[in-house]
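The values are calculated or read from the model by the stated rules, or taken from the named source; none is laboratory data. All of these numbers come straight from a predicted model, not from anything done at the bench. In this analysis, Cβ positions are derived from the backbone assuming ideal geometry, glycine residues included, and neighbour counts consider all displayed protein chains.
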Amino acid sequence: MGSFYTQVLVREEDATHCAQLMKDLRRSAIVIPANNGISVVCDRESENQDIDVLDSVALTLSARLHTAAVGLLNHDDDLLVFRFFEYGASLGGLQIGITPLSLRGSITTLRRLLRPSASLIATIGLFLRPYLFQIQRHARIARVFDLPPRSVGHGYRYIKERNFSGPFDMAGVIEV
């Protein structure tokens, strides 16, 4: 059995803005502090792997914070899904399974929303290599896009239950 988690990657340096918005929306969430301008919001309800809920949370964060947000869903480590939002508008998404042949969507939009300065060759390479477990691809994406390393493999449920796949520093993590 693989990993099941969701998160929203928000282009917002101050994680307290994300946490306050989630609190205002009366949503249970855990917010991982930003790494180079990307905060990670782990919403409790979206952990049920409901893409509509994940889209709603990402769209709302994007619209209300006037920024980019990318919903991320790892389903059983077989499928990694990204949903793109910018200033409250949906920009499509990207999904990939074990092989590069399963790739659907825009790699360049993912790069533009998360780390425009990331190497285009390295970004494309993330999706050309087959991965048996999508958590491994997520870890490589986090390195190339300089996302918070402790967010890899973790969603609301894993953090709440302290069921970590490796060392996890709770410093600065905000629970609402």
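Couple of notes before you dig in:
- Exclusive hit being under 17 Å from residue 156 (Cβ atoms) and of a type outside the set (Val, Ile, Thr), set 102, 46: 46
Here's the yes/no breakdown for (1) modelled with pLDDT under 95; (2) within 15 Å of residue 41 (Cα to Cα):
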site: 59; (1), (2): no, yes
site: 68; (1), (2): no, yes
site: 74; (1), (2): no, yes
site: 77; (1), (2): no, no
site: 80; (1), (2): no, no
site: 84; (1), (2): no, yes
site: 90; (1), (2): no, no
site: 99; (1), (2): yes, no
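- Every test in (1) surrounded by 16 or more Cβ atoms within 10 Å (Cβ to Cβ); (2) modelled with pLDDT under 95 is passed by residue 159 save one, and that test is (2).
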